[in-house]
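Note sheet for the following structure.
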Amino acid sequence: MEFVLDVTDADGAGWRGQLRRPDGSVSTLRLQPPPGTPRPAVHDGLVVAILPAAMRTGGTLRVRGALTRGALRNLTEYAEAWANWGPDRFHHVTLAPDAIVDGHAPASGHDAVFAWSGSLRSTHTLVRHRDGLVPGAFGVRAALRVEGLRPGDDTSERVRQALAPDGVPLLTVRTNAAAAGFVDPEIGALPIVAGALHLVGAGATAGFHARSWSFAAQMRYPRPGPALQDLLSGDGFTVRADGGATSPPRMAADVLRHPSLAAGLSDCHRVPRAAAPCGRCGDCTLTALAFAALGAPPPHGRRVRRWRVAALALVDPVRAADAAATLADWPPDDSTLRAALATRTALGRVATDLRDTARWFGSAAGLRAPWPR
């Protein structure tokens, strides 16, 4: 099984990668940066973005271009880790670039580009470095927004204005990743975002993105995928995951220091991130509860109803962990919202324990897959 990745110019800038699959079909991934962005000398970021598509089948991925030796090593391990995690869904990929580059050093300095979707986590990652709230904080060179990961995504003037008071430049990379089928349904959009960070990271030491879940989520079943974000790096540019131990109320408290950013927050998955959140879905409810724990109004402006808290679906381990962390950092009071959240998380914990017990006995009896995977 052999895939071939041909790299061509994308209107004089960015990347256009044509992936020829073993069955002869061809898919094209485009990553278009702002005008004047210098194209990287190596294709580490493009291969990062393309790799999950090859992992679904496995085999050899021939790259008609150059990779740094560090990227070759990291991405080989990345593919092997996912193949071990889900052997029925992902498979080993052998990378075969035309050239392997040694001695490709990162830029000097201590600044970074930050992937920013407008979510609470990505906004917190931006402001905790902007305000020096983390040891060894990086300077904020720019915020990156990737368009084309979801239908309707675009960079509205409202988005640009949210960054303006803090003097943070906004970079936009446009992609056809969702339309062309390069956003893997299980791995998600992170490889595309990491590829975009490589593309616009010239002159920066690193690119940061928010970790998608807290560490506590990995203690629940079904567990989120393996935490391998730092393997999306090459020798000349490092991609790092940030956060993961901070509770939603703590994130909200840090973000509230920047009113323009707080006002534009959206964790909503019903509407595009550039539009106002719906304020009714489970993700909007959890974001509102993080602010309610501080006595602050929700960024979407809609009043949170107790029945929405009581009806929160907590089967997803990420959402369940965020709900528990929000309750843990909510000071004891007589709030009806806090009481509703406490009841909901307690019931969710009972349901989780019952499911885990049934799964364990089923595994011991040979009726289910080995526990745990």
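The values are calculated or read from the model by the stated rules, or taken from the named source; none is laboratory data. Bear in mind the structure is a predicted one, so any value in this text is a computation, not a measurement. A quick note on method: Cβ atoms are made from the backbone with ideal geometry, for glycine too, and the neighbour counts reach across all protein chains shown. Quick note on the areas: whole protein, heavy atoms, side chains included, nothing else; ligands and nucleic acids left out. Shrake-Rupley method; radii C 1.70, N 1.55, O 1.52, S 1.80 Å.
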Report task. Go through the range 8-41 and count every residue that is of a type in the set (Val, Ile, Thr) and at pLDDT below 95. Result -> 2
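Among the listed residues Ala288, Ala275, Ala241, Ala262, which satisfies the condition of being in a strand (DSSP E or B) and closer than 24 Å to Val159 by Cα? If you could, list the steps in order and put the result at the bottom.
Details: Ala288 fails: in a strand (DSSP E or B); Ala275 fails: in a strand (DSSP E or B); Ala262 fails: in a strand (DSSP E or B).
Selected residue: Ala241, the only one of Ala288, Ala275, Ala241, Ala262 that is in a strand (DSSP E or B) and closer than 24 Å to Val159 by Cα.
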**Report entry** Index of the failed condition, Arg89 passing every other in (1) in contact with an Asp or Glu (Cβ under 9 Å, 6 or more places away or on another chain); (2) outside any loop (DSSP other than H, G, I, E, B); (3) open to solvent by 30 Å² or more (accessible area, probe 1.4 Å)
**Finding:** (2)
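Among the residues of the range 61-80, are any in a loop (DSSP other than H, G, I, E, B), open to solvent by 30 Å² or more (accessible area, probe 1.4 Å) and at negative phi? Lay out the reasoning, then the answer.
Taking the range 61-80 and keeping what is in a loop (DSSP other than H, G, I, E, B), we get none.
No: the range 61-80 contains no residue that is in a loop (DSSP other than H, G, I, E, B), open to solvent by 30 Å² or more (accessible area, probe 1.4 Å) and at negative phi.
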Query - Of the criteria (1) part of a loop (DSSP other than H, G, I, E, B); (2) open to solvent by less than 70 Å² (accessible area, probe 1.4 Å), which one Thr352 fails - result: (1)
Report task. Spot the failing condition for Thr125; the list is (1) of a type in the set (Ser, Thr, Tyr); (2) modelled with pLDDT under 95; (3) crowded, with 24+ Cβ neighbours inside 10 Å, and only one is missed. Result -> (2)
Requested in this report: Give the number of residues within the range 29-55 that are within 15 Å of Pro97 (Cβ to Cβ) and without any contact (Cβ under 8 Å) to a residue 40 or more places away in the chain.
Outcome: 0
Query raised in the report: Could you say which residue among Ala202, Ala178, Ala210 is within 12 Å of the chain's Cα centre (by Cα) and small (Gly, Ala, Ser)?
Result: Ala210
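To keep it simple, each residue is scored yes or no on (1) under 28 Å from Leu144 (Cα atoms); (2) out of contact with any Lys or Arg (no Cβ under 7 Å at 6 or more places or on another chain); (3) open to solvent by less than 20 Å² (accessible area, probe 1.4 Å).
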position: Ala263; (1), (2), (3): yes, yes, no
position: Pro277; (1), (2), (3): yes, yes, no
position: Ala288; (1), (2), (3): yes, yes, yes
position: Ala292; (1), (2), (3): no, yes, no
position: Pro299; (1), (2), (3): yes, yes, no
position: Pro317; (1), (2), (3): yes, no, yes
Query raised in the report: Can you name the condition, by its number, that Asp230 falls short on among (1) out of contact with any strand residue (DSSP E or B) (no Cβ under 9 Å at 6 or more places or on another chain); (2) open to solvent by 10 Å² or more (accessible area, probe 1.4 Å); (3) not in a loop (DSSP other than H, G, I, E, B)?
Result: (1)
Report summary line: When the range 13-28 is checked residue by residue, the ones that are open to solvent by less than 20 Å² (accessible area, probe 1.4 Å), outside any loop (DSSP other than H, G, I, E, B) and either free of Cβ contacts under 8 Å to residues at least 60 places away in the same chain or aliphatic (A, V, I, L, M) (or both) are Gly17, Leu19
Query raised in the report: Can you tell which of Ser117, Ser108 is within 23 Å of the chain's Cα centre (by Cα), open to solvent by 10 Å² or more (accessible area, probe 1.4 Å), of a type in the set (Ser, Thr, Tyr) and modelled with pLDDT under 95?
Result: Ser117
